[in-house]
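Visitor: First the structure, then my questions, so here it is.
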Amino acid sequence: MLETEEQLWDAYSKAVVTATQRISPAVVNIEVRSPVRGGGSGFVFTSNGYVITNSHVVHNATLIDVTLADGRKFPADVVGDDPHTDVAVIRMDTKDLSPAPLGNSQSIQPGQLVVAIGNPYGFQATVTAGVVSALGRSLRSQSGRLIDGVIQTDAALNPGNSGGPLVNSRGEVIGVNTAIILAAQGICFAIPINTAKFVAGELIRRGKIRRAYLGVAGQDVPVHQRLRRYYGLTQEKGILIIGIEKDSPAKKTGLLEGDILIHVNRQAVSGIDDLHRLLTEESIGRPVALTVLRGTDKFEAVIVPGEVA
């Protein structure tokens with residue numbers, strides 16, 4: 001028995017070490033000067049100097065310095081900042097960097113091993129490990145809007161970890177570490193990498209994001225097998241509406257808490273990431289067809305999205 005336990009611990013340690021070795025060259029320390037001095041973490045997104053971090057790390061920064069894993073230090077500028085998802089992109093004037101390998105946040109499951117790397121309290125390249133505690137959480141951003149589809153983990157985070165990568169056992173980034181609950185132990189959150197990739201791409205192209213706005217808070221949920229079979233649905237998941245904002249397009253359309261959104265313009269939405277990709281700026285002010293499950297009923301609703309302020 002003891003030998004088996006030792007083998008299990010050796011396998012666990014090897015997984016953490018392997019993941020750490022693969023991601024560490026891409027992890028950076030970010031020092032920020034604004035009205036107050038602060039900092040956080042980030043990771044190299046492209047070989048030509050783009051770095052992903054949290055919006056709250058660099059928001060309103062007047063001076064940013066980035067220190068690479070090899071000790072080199074560069075000034076950086078904010079390319080774009082999206083407080084609604086707590087994602088920002090900064091850029092250093094350098095090339096030939098090693099970008100972080102990116103994973104797929106829709107493929108992760110509760111209980112799987114994750115590793116967080118960052119610079120808590122200035123202690124660079126600090127590694128913590130844990131598991132995915134839950135998926136589909138909602139977290140209120142500093143802008144006041146809910147961030148949906150958030151990953152909950154018990155990999156220990158502290159101030160300074162913000163913006164650093166949450167990685168799987170293969171060393172692939174599956175989330176951007178963003179928040180902790182100070183009064184609790186082992187409750188930490190990360191923005192899914194699929195959401196971060198989409199936001200970062202838009203920020204690099206345009207410097208900002210124009211978003212269609214429905215006015216709902218939601219979380220990913222499985223669609224019951226009997227409903228899938230009865231209605232001929234190929235998807236296994238949808239979006240459970242858990243909140244509707246006052247005077248929002250969703251409120252005017254008659255959507256209710258407890259409804260499950262499964263299609264947008266006849267395209268399946270299996271999660272929040274799908275919804276974000278489909279509700280582009282082209283949808284603002286234009287009728288959009290929703291397919292909704294309410295109990296055992298399926299119906300169509302037409303909504304006219306607004307624009308996120």
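Visitor: So how much accessible area does residue 178 have, in Å² to the nearest 10, using a 1.4 Å probe?
Guide: 10 Å²
Visitor: What accessible area per residue comes out for the chain, rounded to a whole number of Å², with a 1.4 Å probe?
Guide: I get 49 Å² per residue for this part.
Visitor: So what is the calculated 222 nm ellipticity per residue for the chain, using -39500 (n - 2.57) for each DSSP H run with n of 4 or more, over all residues, to the nearest 500 deg cm²/dmol? Let's see the in-between values first.
Guide: On the way: 6 runs with 59 residues, N = 309.
Value at 222 nm, helices only: -5500 deg cm²/dmol.
Visitor: Enter the angle in degrees (range 0 to 90, nearest 10) between the Cα long axis of helix 2-23 and the first principal axis of the Cα atoms of the chain, meaning the one along which they spread out most.
Guide: Between the helix axis and the principal axis of the chain, the angle is about 90 degrees.
Visitor: Give me D for the stretch 208-306 in µm² s⁻¹, whole number, from Stokes-Einstein with Rh from the Kirkwood sum over alpha-carbon pairs, 10 °C and 1.306 mPa s.
Guide: Roughly 118 µm²/s, to the nearest whole number.
Visitor: Roughly how compact is the stretch 251-301, stated as its Cα Rg over 2.2 N^0.38 Å to two decimals? Spell out each step's value before the answer.
Guide: Working: Rg = 11.0 Å, N = 51, 2.2 N^0.38 = 9.8 Å.
Cα-based Rg divided by the globular estimate yields 1.12.
Visitor: When the accessible area of the stretch 19-91 is split by element with a 1.4 Å probe, what percent falls to carbon and sulfur?
Guide: 49 percent
Visitor: Which lysines, on any chain, are close to residue 197 with Cα under 27 Å apart, when same-chain ones fewer than 8 places away are left out?
Guide: Straight-distance partners of residue 197: 73, 95, 208, 237.
Visitor: Gaussian network model of the chain, Cα springs within a sub-10 Å range: biggest mean-square fluctuation belongs to which of 275, 240, 227?
Guide: Result: 227 has the largest fluctuation of those listed.
Visitor: What's the magnitude of the charge dipole for the chain around its Cα centre, counting Lys and Arg as +1 and Asp and Glu as -1 at the beta-carbon? Answer in Debye, nearest 20.
Guide: I would put it at about 720 debye.
Visitor: Of 259, 274, 154, which has the most accessible area and how do the rest follow, probe 1.4 Å?
Guide: Result of the area sort, largest leading: 154, 274, 259.
Visitor: Also: Over the alpha-carbon set of the stretch 1-47, work out the extent along each principal axis and list the three values in angstrom, largest first.
Guide: Reported extents, whole Å, longest axis first: 58, 27, 9.
Visitor: Could you check which residue among 35, 159, 110 shows the biggest mean-square fluctuation in a GNM of the chain with a 10 Å Cα cutoff?
Guide: Maximum fluctuation in the GNM of the chain, among the listed residues, is at 35.
Visitor: Let me know the Rg and Dmax you get for the chain when you use only its Cα atoms, in Å.
Guide: Every Cα atom of the chain included, Rg and Dmax give 20.3, 64 Å.
Visitor: Could you give the dipole magnitude of the stretch 92-210 about its Cα centre, charging the beta-carbon of Lys and Arg +1 and that of Asp and Glu -1, in debye to the nearest 20?
Guide: Approximately 440 debye in magnitude.
Visitor: Please identify the GluC sites (Glu not before Pro) of the stretch 256-309 that satisfy two criteria: DSSP loop assignment and at most 16 other Cβ atoms within 10 Å. Which are they? Before the final figure, lay out each step's value.
Guide: Details: sites: 257, 281, 282, 300, 307; in loops: 257.
Answer by residue number: 257.
Visitor: Using a Gaussian network for the chain with springs between C-alpha atoms less than 10 Å apart, which of these wobbles most: 17, 269, 32?
Guide: Residue with maximal mean-square fluctuation among 17, 269, 32: 17.
Visitor: Which value results when the Cα radius of gyration for the stretch 125-272 is divided by 2.2 N^0.38 Å?
Guide: For the stretch 125-272, the normalised Cα radius of gyration comes out at 1.16.
Visitor: A further question on this structure: Which trypsin sites (Lys or Arg not before Pro) from the stretch 197-237 combine a DSSP loop assignment with at most 15 other Cβ atoms within 10 Å?
Guide: Working: sites: 197, 205, 206, 208, 210, 211, 226, 228, 229, 237; in loops: 208, 210, 211.
Of the trypsin sites (Lys or Arg not before Pro), the ones in loops of the stretch 197-237 whose Cβ has at most 15 other Cβ atoms within 10 Å are 208, 210.
Visitor: Treating the angle as unsigned and between 0 and 90°, give the value, to the nearest 10°, between the Cα long axis of helix 193-206 and the longest Cα principal axis of the chain.
Guide: Between helix and principal axis, roughly 90 degrees.
Visitor: With a cut-off of at most 10 other beta carbons within 10 Å, and DSSP calling the residue loop, which trypsin sites (Lys or Arg not before Pro) in the stretch 21-122 qualify? Please list them.
Guide: Taking the stretch 21-122 and a limit of 10 other Cβ atoms within 10 Å, the loop trypsin sites (Lys or Arg not before Pro) found are 95.
Visitor: Here's another thing I want to ask about it. Find the all-direction average of the projected area of the Cα convex hull for the stretch 52-156, expressing the result in square nanometres with one decimal place.
Guide: Details: hull surface 30.5 nm².
Mean shadow area of the hull around the Cα atoms is 7.6 nm².
Visitor: Name the residue from 265, 293, 198 whose Cα lies farthest towards the positive end of the charge dipole of the chain, charges +1 on Cβ of Lys and Arg and -1 on Cβ of Asp and Glu.
Guide: Checking the options against the dipole of the chain, the answer is 265.
The values are calculated or read from the model by the stated rules, or taken from the named source; none is laboratory data. Here the structure is a predicted model, which means the values were calculated and not measured. Positions of Cβ are backbone-derived with ideal geometry, glycine not excepted, and every protein chain shown enters the neighbour counts. All accessible areas refer to the heavy atoms of the entire protein, side chains included, with ligands and DNA or RNA removed. Shrake-Rupley method; radii C 1.70, N 1.55, O 1.52, S 1.80 Å.
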